[in-house]
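Beneath this line is the structure, given in C-alpha cells, with notes to follow.
The values are calculated or read from the model by the stated rules, or taken from the named source; none is laboratory data. Only a predicted model underlies this, so the values are computations on that prediction, with no experimental measurement involved. All Cβ positions, glycine included, derive from the backbone under ideal geometry; neighbour counts span all protein chains shown. Surface areas here come from the heavy atoms of the whole protein model, side chains and all, with no ligands, DNA or RNA. Shrake-Rupley method; radii C 1.70, N 1.55, O 1.52, S 1.80 Å.
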Amino acid sequence: MSEFLSLVKKNYDENSSKKIIDAYEFLKKSYCVSGLYTLQFAEKIGENIMAQKLDYESVIIGLLYPIYKINNSFSSDFFDKDIKNIFVRLEKIENLNLSTHQDQLENIKKMFIALAKDVRVIIIKLCIEESKLSFLDKFDEIELAKYMQEVTDVYFPISQMIGLSQIKNAFGNATFKYFKPQMYNELVSTLSKYVEERNAQIKKVISKLKVEMHAVCPNVVVYGRQKQLYSIAKKLQSKNMGVSSINDIYGRNNYLKEIAEKGDFRKNRLNQIMDILAVRILVDTVDECYTALGKVFTLFKPLGNFKDYIANPKENGYQSLHTAVVLENGDPVEIQIRTFEMHTYAEYGFAAHWAYKERKKVDESGVKINYIRSIMDLHKEKSNDELLELMKTDVYSGKIFVQSPMGKILDFPEGATPVDFAYAIHSKIGDSCVGAKINGRMVPLTTQMNNGDTIEIITNPNAKGPSRDWLKIVKTNGAKSKINAFFKKEMKEENIKKGKSILESNAKLKNLNLSKLMQDKYLDEVYDKYSFQSMDDMYASIGYGGITANQILNKLNTLYKSDCKQNETKEFSLSDYKNDGEIEVKGFSNLLTKIAKCCNPLPGDEIIGYISRGNGITIHRKDCEAVKNLEFERLIECSWHKNDDRDFVGSITMYALDTNGMIAELTKKLNDEKVNLVGLVAKKRENNKVLVTIQINIKDKLELDNLINKLKQLSFAIDVYRTAQ
C-alpha cells in the first residue's frame with residue numbers, strides 16, 4: 001500500500017477511507033500527465049488537505065483537481081452536487097486577476113474569500129497553492145516569478161488572516177528563500193547551530209517551569225515555540241529599519257541588502273531576538289498570571305524588560321505579560337504569560353494577531369475573518385456534520401465583488417446591476433452606457449451582478465443619457481446621485497418649463513395670487529435660502545424634483561403675510577393717512593385712514609378697512625391675501641368717494657426679453673400713452689430675461705388695467721401684471 005493510502009486510513013474512518021481510495025484508483029486509471037499536474041502533485045494536495053483535517057470530500061476534490069484542470073468537462077461518480085459547487089467556486093477564484101496594482105490587493109483578498117463562500121474552498125485553494133511549492137521546478141522563469149508574487153501578495157496574507165499557521169509558514173519561508181536566497185541560506189546555516197545549542201536549554205526551562213508552576217497554578221500549560229525563518233529575518237531588520245510587513249523583507253524593496261552583503265546573521269544578532277525559541281505559560285486567572293510571573297523571577301534572573309499588557313492592554317485589546325530572563329549559559333529567552341481566555345482572544349478575537357503584526361485596523365471584514373478563524377479553532381479539534389455546516393457560511397453575505405476586464409475590483413451591495421458598475425467607474429461611462437456584458441455575454445442592464453463576475457460596459461458617445469427608470473434598479477447611492485445630477489444639468493430648459501407650470505398649478509390649487517408673491521424682495525430671500533442664482537434655477541429645481549413647489553409657495557406666502565402685517569402695525573405719521581373726505585368708512589366720520597402697501601388699492605378696487613390698535617384704519621383690497629389672516633371683528637366696510645380726482649401711485653411688473661433698445665421702446669410706449677412715470681427699475685435675469693418694475697401716477701384701477709393690456713402687446717413682453725408698491 002502506498003504511503004498516501006496509509007495516511008488516508010490513519011486519518012479517516014473506514015467508510016470515508018473507502019471513498020477516498022476509490023477516487024484515488026479512479027485518478028490512477030484516468031490520469032494524463034500535463035506539466036505540473038502529475039500524480040505526485042495530486043497526492044501532495046491530498047496530503048496537505050489531510051494535514052488541515054478537512055473532511056473526506058475535500059480530500060477527493062484535492063485528488064481530482066489536476067484532472068479537472070486538464071479537462072474540466074469530464075464527469076465522474078465522485079462529482080456530487082457539493083463537490084461540483086466547490087469546483088465551480090475554485091474556478092471562479094482561479095479566474096480572478098491577481099496580477100494587479102498594490103492598491104487593489106485588499107479588494108483581491110476580500111474577493112477571494114467572498115468567491116469561496118464555503119470556508120473549505122479557501123483552505124483547499126491554499127492547500128493547492130502550498131502543494132505547488134514542492135514542484136517549483138515545473139515552472140518556467142516567468143511563471144515562477146508571477147506565482148511567487150501571488151503568494152506574497154495574496155496567499156500568505158489570507159493564510160495568516162484565518163490562522164492556517166502551517167500553510168502560512170510554508171508560504172513565508174518559500175518566498176523568503178525565492179526573493180533572498182543568499183540571506184535565506186546564511187540564516188538557515190547560522191540558525192541550525194544556534195537552535196541546536198539552545199534547544200536543550202529551552203527543554204530544561206519548560207520542564208522546570210511545569211514542575212514548579214503546578215504547585216501554584218494547577219491547570220498550567222507550558223510549551224515552547226520556534227520562530228519561523230521569514231519572521232526572524234523580519235525581526236532582525238525591524239530592529240534597524242522599522243520593517244512592518246513581509247513585503248519589506250523580500251518583496252519589491254531591498255531593505256535587507258546591507259545585512260545580506262555583510263553576512264550579519266551572527267549569534268550576537270540572533271540573541272537580540274529573544275523569542276526565536278520562546279516559552280509561553282497559560283493559566284486560568286489574572287491573579288495566577290502574576291503568581292506565575294513571581295515564580296519565574298524566583299527561578300531565573302530577570303533581564304529587566306518586563307511589559308505588563310494586562311494592566312495596560314495594547315490598543316487592539318491584546319493582553320499578556322511579557323518578560324525576558326537569562327538562562328544558565330547566559331542566553332536570554334522571552335517568556336509570555338496569559339490566561340486561556342486572553343490566549344483565545346489574541347488568536348481569534350476582534351484584534352486578531354495578524355492585524356496586530358501587520359499594524360492594520362480590523363474593519364467589518366476583519367470581524368468575519370475572525371469568525372472563520374474561530375471555525376478553524378474548532379476544526380483543529382474535530383470534524384463533524386455541524387462543523388461542516390459552519391464551514392459553509394457565506395462570509396461576505398450582503399456584499400458582492402466584481403471586476404473589470406482589466407482586473408479592477410469593486411464591491412457592491414447584493415442586487416446591484418451593471419449600471420451601478422458603470423457609474424462606479426466614472427460618471428461619463430454611466431451617462432453614455434447603452435449595454436453590458438457579464439462574463440463575455442450580452443445581458444440586459446437590469447441583470448443583477450454576482451460574485452466574481454467580469455463586467456464590461458458598452459458605451460455610445462451619442463447616447464442621450466440615462467433613463468429615469470435606472471433610478472429604480474440601481475442600488476448604490478453614488479449611481480442615484482449621478483443620474484439625478486445628469487437630469488439636473490442636461491435637461492435644464494425642459495425642467496424650467498416644467499417647474500414653472502408646476503408652481504403655477506400649485507398656486508391655483510392653494511388659491512394664491514402668484515403675481516403678489518413673486519416680488520423681488522421675496523424672491524431674493526428664496527434664492528438665498530435655497531442657493532438659487534435666478535428664477536430659472538428655482539423653476540429648474542422644481543422641475544427635476546430638487547425642491548417642491550409647495551416649499552417655494554409656503555416661503556413666499558410667509559414673507560408676503562409678514563410684510564402685510566408689518567405694514568399694518570408700522571408706526572407712521574399723520575401724513576401717511578387719507579382723511580375722511582377721500583374714503584368713506586361705514587358708520588364713522590373724521591377717521592384717519594392709510595392705504596395698505598401689501599395690495600395698494602386704487603379707486604375702482606373693492607376695498608375693506610381694518611381697525612388697527614391706535615393707528616387708524618388700514619385700507620385693503622377685498623381680495624388681498626393679508627385680509628384672510630386679520631381679525632374678522634376688526635374689519636369694516638369702506639368705499640371710495642365718487643368725486644375724488646386725486647392721483648394714486650400704481651405699480652406694474654413686466655417680465656420681458658432683454659432685447660436691444662427694449663427700455664427705450666418701453667419708455668416711448670409709456671410716453672405715447674401720456675403716462676406720468678414715477679419710477680422704473682430693471683433687473684437682469686438669466687437667459688436674456690429682465691424684470692422691470694414700473695411706478696406711475698394713475699387715477700384708478702380701470703386706467704391701470706388698460707395700460708397693462710397695452711404693455712402686453714409689446715413684442716418683448718412675456719408677462720405683465722399689477723403689483724403692490
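Indicate the gyration tensor shape class of the stretch 422-507 (rounded, prolate or oblate), computed on the Cα atoms with a ≥ b ≥ c the square roots of the eigenvalues: a/c under 1.5 is rounded; otherwise a/b larger than b/c is prolate and the rest oblate.
Because a/c hits 1.5 or more and a/b exceeds b/c, the stretch 422-507 counts as prolate.
Going by a ≥ b ≥ c, the root eigenvalues of the Cα gyration tensor, does the stretch 622-680 fall in the rounded group (a/c under 1.5), the prolate group (a/b larger than b/c) or the oblate group?
The shape class here is oblate.
Just reorder ASP13, ASP287, ASP705 by solvent-accessible area, largest first, 1.4 Å probe, all chains present.
Sorted descending by solvent-accessible area, the residues read ASP287, ASP13, ASP705.
Which order do SER2, SER58 take when ranked by solvent-accessible area (1.4 Å probe, heavy atoms of all protein chains), largest first?
SER2, SER58
Which pairs, out of LYS138/LYS399; LYS10/LYS399; LYS464/LYS498; LYS69/LYS475, put more than 31 Å between their alpha-carbon atoms?
Pairs exceeding the cut-off: LYS138/LYS399; LYS10/LYS399; LYS69/LYS475.
Sort PHE306, PHE156, PHE632, PHE532 by accessible area with a 1.4 Å probe, largest first.
The ranking, largest first, comes out as PHE632, PHE306, PHE532, PHE156.
Averaged per residue, what accessible area in Å² does the stretch 439-574 show with a 1.4 Å probe, protein chains only?
Roughly 57 Å² per residue, with all protein chains present.
Would you please give the residues with an amide H less than 5 Å from that of THR459, counting only those at least 5 places away or on a separate chain, with H modeled from the backbone geometry?
Under 5 Å from the amide H of THR459: VAL434.
Quick one: which of LYS44/LYS168; LYS516/LYS622; LYS492/LYS683 span more than 20 angstrom between C-alpha atoms?
Result: LYS492/LYS683 exceed 20 Å.
Which of the GluC sites (Glu not before Pro) found in the stretch 466-559 are loop residues per DSSP with 12 or fewer other Cβ atoms within 10 Å of their Cβ?
none
Which trypsin sites (Lys or Arg not before Pro) from the stretch 428-467 combine a DSSP loop assignment with at most 12 other Cβ atoms within 10 Å?
LYS464
Quick check: the distance between the Cα centres of the stretch 616-640 and the stretch 697-725, to the nearest angstrom?
Computed from Cα coordinates, the inter-centre distance equals 25 Å.
Over 27 Å between Cα atoms: which of LYS472/LYS497; LYS497/LYS628; LYS28/LYS84; LYS597/LYS699; LYS482/LYS561 fall into that group?
Check vs 27 Å cut-off fails for LYS497/LYS628; LYS482/LYS561.
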